[in-house]
Amino acid sequence: MNTYRLSSRSPRTLLTTQSPLYDFLAPSFINFPRSPRRIRHLSTTPGSFSASATASSPNPQTSNEHYTPNPSHPAPRAGAEAISDATHSKKPLTQAQKDFLTSALRVNQAGELAATLIYTAQTPPITNAHPHLRPLMAHMYDQEAGHFKTFNHLLAKHRIRPTALTPIWSLAASALGWGTGLMGREAAMACTEAVETEIGTHYNEQVQVLLEMQEQMKARGEELGEELTELLETIRRIRDEELEHLDHAVEHDAKKAVPHELLTGVIRAGCRGAIWVSERV
């Protein structure tokens, strides 16, 4: 049995607090994560330097404790060798990799914004008519809001602008959410089924591109790099959560929507078009 995190918010509160568009319009581009402070570790293993013993000795020069190199902690490299290692570990992205990163983050952020707006619009009519669906709707919305926040952070981190068509996608997503919500539970779930089918396919394609890129770099003795490795892990996690939403929709009678094939076909075609445009504009 699937369980969901219960939400104590009423439909009215849920509606007023779900405002991802306003979060998007004022992103925190200056709040970047700080590098953690490096902590110098003093080994207390036998035969190594002891800070406490030296501090307690009235004459450190006559202390019986002597510094002994620890073979498990090799001395750092210096000079040109250290610079060479740092350069190798921080190898910049190629232009093709930069283009992929830009396109992927831009379209993914647009898709997650649309998803939050769809659920924001669907929630009031669906939960008013079917109160037992309130935990499910809150659960799916909260996950989409988390995805949206993640891609907003990555856009700011990599200095990538959102798609220029954000206002259009926002209006379209809200209209789709209200329309399917007013059509009833089955239509709303069919909307989720269609959207998540296309989004799941889209994320799978991105994962495949990154894995192929990783294999090619491995063959050259290189690593994928921090930026693309982070993106790969993020997309995999979010893809799995999106496919979970697809399962929920099917379990709650998405297939019973009338007309199911026409409704899901139109929505899926719209999603494919939005993805194609957002990757390029």
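The values are calculated or read from the model by the stated rules, or taken from the named source; none is laboratory data. These numbers come from a predicted model, not from an experiment. Counting neighbours? That spans all protein chains shown, and the Cβs are built from the backbone with ideal geometry, glycine included.
So, Val258, is that one assigned to a helix (DSSP H, G or I), in contact (Cβ under 8 Å) with a residue 12 or more places away in the chain and of a type in the set (A, V, I, L, M, F, W, C) or not? Judged against the criteria, Val258 is not a match.
Select from segment 223-255 the residues that are of a type in the set (Gly, Ala, Ser) and either in a loop (DSSP other than H, G, I, E, B) or farther than 26 Å from Asp142 by Cβ (or both) and list them in ascending order.
Listed by number, the list holds a single entry, Gly225.
For the structure I just gave you, tell me whether Thr150 is under 21 Å from Thr234 (Cβ atoms) and modelled with pLDDT of 95 or more.
yes
Screening Glu222, Glu186, Glu212, Glu205 for residues that are surrounded by fewer than 19 Cβ atoms within 10 Å (Cβ to Cβ), modelled with pLDDT of 95 or more and not hydrophobic (A, V, I, L, M, F, W, C) leaves exactly one candidate, Glu205.
Hey, any hits in segment 260-267 for a residue that's surrounded by 14 or more Cβ atoms within 10 Å (Cβ to Cβ), closer than 14 Å to Glu198 by Cα and touching a Leu at 6+ places or on another chain (Cβ under 8 Å)? Scanning segment 260-267, I find at least one residue that is surrounded by 14 or more Cβ atoms within 10 Å (Cβ to Cβ), closer than 14 Å to Glu198 by Cα and touching a Leu at 6+ places or on another chain (Cβ under 8 Å), so the answer is yes. The single condition from (1) among the basic types (Lys, Arg); (2) within 27 Å of Ala138 (Cα to Cα); (3) in contact with a helix residue (DSSP H, G or I) (Cβ under 8 Å, 6 or more places away or on another chain) that Arg280 fails is (2). Checked across segment 180-187, the condition of being farther than 19 Å from Leu154 by Cα, touching a Ser or Thr at 6+ places or on another chain (Cβ under 6 Å) and touching a residue at least 40 places away in the same chain (Cβ under 8 Å) holds for at least one residue.
Scanning segment 153-178 for residues that are over 18 Å from the mean Cα position of the chain (by Cα) and of a type outside the set (Gly, Ala, Ser), we see that the one that is farthest from Ile235 (Cα to Cα) is Trp178.
Look at (1) under 27 Å from Met137 (Cα atoms); (2) out of contact with any Cys (no Cβ under 6 Å at 6 or more places or on another chain); (3) in a helix (DSSP H, G or I) and you find that Glu212 fails only one, number (1). Restricting segment 152-183 to residues that are under 16 Å from Glu112 (Cα atoms) and touching a Cys at 6+ places or on another chain (Cβ under 9 Å), the residue that is surrounded by the fewest Cβ atoms within 10 Å (Cβ to Cβ) is Leu176.
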